[in-house]
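Worksheet: one structure, shown below.
The values are calculated or read from the model by the stated rules, or taken from the named source; none is laboratory data. The shown structure was predicted, so the numbers you read here are calculated from the model rather than taken from an experiment. All Cβ positions, even for glycine, are placed from backbone atoms using ideal geometry, and neighbour counts span all protein chains on display.
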Amino acid sequence: MELETGAPAAGGGCVARAPDGRVVFVRHALPGERVVAEVTAETASFLRADAVAVLSASPDRVAPPCRHAGPGRCGGCDWQHVALPAQRRLKEQLVAEQLRRVAGDTRSVVVEPAPGETDGMGWRTRVRFSVDRSGRIGLRRHRSHEVEPVASCPVASDDVNGVDAGRHRWRGARTVEVAALPARSGGGPSGAVVTVTTARGRPMDVPRLDAGCVVDGRTVQEPGGMDTEVLGHRYRVSGGVFWQAHRGAPAVLASAVLDGLEPMAGERTVDLYAGAGLFTLMLADAVGASGSVLAVERNARACEDLTVSARGFPQVSVLRAAVDADLVASRIGSPDLVVLDPAREGAGRPVMASLRDLRPSPRRVAFVSCDAATFARDLRVLTDAGWTMPSLRAFDLFPMTEHVELVGVLVPPVTT
Ligand SMILES: C[S@@+](CC[C@H](N)C(=O)[O-])C[C@H]1O[C@@H](n2cnc3c(N)ncnc32)[C@H](O)[C@@H]1O
């Protein structure tokens with residue numbers, strides 16, 4: 001059907017109206033275009049479609065730089081057909097809309113580019129590939145289990161593509177993640193790690209690679225970890241442990257968190273969802289030996305890495321546990337500062353309610369999120385209780401996709 005496309009919608013498409021009045025979410029389109037769209041899914045109330053021909057193009061449309069992009073092809077990127085500055089404007093609209101609708105916050109949003117970003121390509125320091133039946137790696141098609149074979153991903157860094165994982169067949173593997181963090185400053189390359197999960201834990205032959213290899217949590221080819229440096233701190237990050245994907249993300253997020261919290265010597269701080277401790281070491285440095293940092297993380301390998309990286313910071317304690325409402329209410333004490341950096345699904349209302357009910361309240365909370373919808377939902381729990389968000393920064397740490405990283409600084413109401 002022919003459609004006129006309107007505002008951007010969460011999920012990487014634009015909203016349009018079908019002749020029968022139903023809403024259509026159209027991928028591979030831009031606002032203000034006239035397109036021929038092919039329906040890909042249908043419910044009673046809405047349709048999903050791909051723009052397969054453009055009758056009237058937006059001035060923001062560009063030729064996709066990746067040969068795997070397009071209707072029915074790789075689902076890894078949403079906006080290969082959109083000029084980079086326009087991608088940021090779309091993200092600004094999407095975040096502002098979520099804040100307004102879900103959290104009742106009507107501020108306008110500015111999405112900042114990652115430092116040094118030029119064309120939105122080559123930024124990923126890790127890519128998780130799927131594996132097709134014949135053992136080839138690739139990326140899933142949008143909303144599908146089908147794999148688009150992708151031997152080399154142009155959004156990934158040269159170091160990731162340099163592992164050349166696409167040269168091999170990975171029979172027996174379900175996913176193959178290739179990670180190559182930037183080298184520590186002044187040293188050699190940090191090396192790459194390939195982390196494999198197998199189908200139902202079956203043994204498999206691992207190809208010989210110029211990289212460490214971890215299969216189902218077991219290191220089968222050393223080194224099974226990497227060393228990386230951010231703003232003067234050294235981190236160990238093992239295969240499979242979370243680390244920010246954009247090469248510029250760790251430094252930009254750590255700076256935003258520190259700028260927002262303004263930690264002071266002697267303060268008690270908590271880093272919830274700490275991962276390998278990106279923010280933990282920064283906080284430890286800022287609060288000094290008279291302060292404290294409690295890092296809470298549920299992944300065992302991440303906790304081990306964090307413990308190694310935090311040697312030399314006796315003010316850091318690592319708690320391997322799932323963050324939940326009880327833990328916040330009973331195991332983190334009464335911190336001056338809290339960092340909250342949950343996965344995409346957010347912290348959830350019960351955790352936020354426990355944070356809200358801490359007495360005394362933390363002086364500030366830095367809320368880091370890669371999902372505007374769950375961020376707005378969780379934020380509302382605090383703002384409904386009188387908390388304010390004097391600063392919200394948004395960073396374009398996922399170019400070519402609809403995703404964006406947020407850092408909100410929250411302050412409790414003044415109690416008399
Ligand atoms: C978005 S990452 C942030 C990690 C770290 N702050 C960073 O920037 O590198 C979220 C982390 O939370 C952990 N995680 C997810 N759900 C959790 C939970 N309920 N309790 C504790 N950790 C959790 C994941 O293992 C992951 O390391």
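The table that follows gives values for the structure above.
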read-out	value
Subset of segment 346-360 [of a type outside the set (Val, Ile, Thr) and in a helix (DSSP H, G or I)]	ARG349, PRO350, MET352, ALA353, SER354, LEU355, ARG356
Residues that are under 17 Å from GLU297 (Cα atoms), in contact (Cβ under 8 Å) with a residue 40 or more places away in the chain and not aliphatic (A, V, I, L, M), drawn from segment 308-334	SER309, GLY333
Hey, ASP341 among the acidic types (Asp, Glu), crowded, with 17+ Cβ neighbours inside 10 Å and within 19 Å of the chain's Cα centre (by Cα) or not	yes
Identity of the residue in segment 377-416, assigned to a strand (DSSP E or B) and β-branched (Val, Ile, Thr), that ends up nearest to GLY346 (Cα to Cα)	VAL407
Qualifying residue in segment 227-249 (condition: part of a helix (DSSP H, G or I) and either surrounded by fewer than 17 Cβ atoms within 10 Å (Cβ to Cβ) or not polar (S, T, N, Q) (or both))	yes
Residue ID - surrounded by the most Cβ atoms within 10 Å (Cβ to Cβ), chosen from residues in segment 31-45 that are farther than 23 Å from ARG140 by Cα and at pLDDT 95 or above	VAL35
Of all residues in segment 262-293 being of a type in the set (A, V, I, L, M, F, W, C) and more than 24 Å from VAL241 (Cβ to Cβ), the one that is nearest to the ligand (Cβ to nearest atom)	VAL287
Test: ASP210 is modelled with pLDDT under 95, part of a helix (DSSP H, G or I) and either out of contact with any His (no Cβ under 6 Å at 6 or more places or on another chain) or not hydrophobic (A, V, I, L, M, F, W, C) (or both)	no
Filtered residue count, segment 362-404, keeping only those that are within 16 Å of the ligand (Cβ to nearest atom), closer than 25 Å to SER334 by Cβ and polar (S, T, N, Q)	1
Complete set of residues in segment 250-297 that are under 20 Å from the mean Cα position of the chain (by Cα), without any contact (Cβ under 8 Å) to a residue 40 or more places away in the chain and part of a strand (DSSP E or B)	ALA295, VAL296, GLU297
Members of segment 306-345 found to be assigned to a loop (DSSP other than H, G, I, E, B), of a type in the set (Gly, Ala, Ser) and more than 22 Å from LEU231 (Cα to Cα), listed by number	ALA321, ALA322, GLY333, SER334, ALA343
Residue within segment 85-96 that is more than 14 Å from PHE395 (Cα to Cα) and touching a residue at least 60 places away in the same chain (Cβ under 8 Å) present	no
Test: residue in segment 64-82 that is surrounded by fewer than 21 Cβ atoms within 10 Å (Cβ to Cβ), aliphatic (A, V, I, L, M), in contact (Cβ under 8 Å) with a residue 40 or more places away in the chain and out of contact with any helix residue (DSSP H, G or I) (no Cβ under 6 Å at 6 or more places or on another chain)	no
Selection count, segment 117-144, where residues are part of a loop (DSSP other than H, G, I, E, B), of a type outside the set (A, V, I, L, M, F, W, C) and in contact (Cβ under 8 Å) with a residue 12 or more places away in the chain	12
The one condition in (1) within 12 Å of the ligand (Cβ to nearest atom); (2) touching a Leu at 6+ places or on another chain (Cβ under 6 Å); (3) at pLDDT 95 or above; (4) not aliphatic (A, V, I, L, M) that TRP243 fails to fulfil	(2)
Selection from segment 1-30 of residues that are part of a loop (DSSP other than H, G, I, E, B) and closer than 19 Å to ALA86 by Cα	ALA10, GLY11, GLY12, HIS28, ALA29, LEU30
Matching entry among VAL196, VAL178 (being among the β-branched types (Val, Ile, Thr), more than 19 Å from the chain's Cα centre (by Cα), part of a strand (DSSP E or B) and at pLDDT 95 or above)	VAL196
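Quick grid of which residues meet (1) polar (S, T, N, Q); (2) out of contact with any strand residue (DSSP E or B) (no Cβ under 7 Å at 6 or more places or on another chain):
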residue	(1), (2)
VAL35	no, no
ASP50	no, no
GLY72	no, no
ALA86	no, yes
GLU97	no, yes
THR106	yes, yes
VAL111	no, no
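Matching residues to (1) more than 10 Å from the ligand (Cβ to nearest atom); (2) among the β-branched types (Val, Ile, Thr); (3) buried (at least 20 other Cβ atoms within 10 Å of the Cβ):
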site: VAL296; (1), (2), (3): no, yes, yes
site: VAL318; (1), (2), (3): yes, yes, yes
site: ALA325; (1), (2), (3): yes, no, no
site: LEU337; (1), (2), (3): yes, no, yes
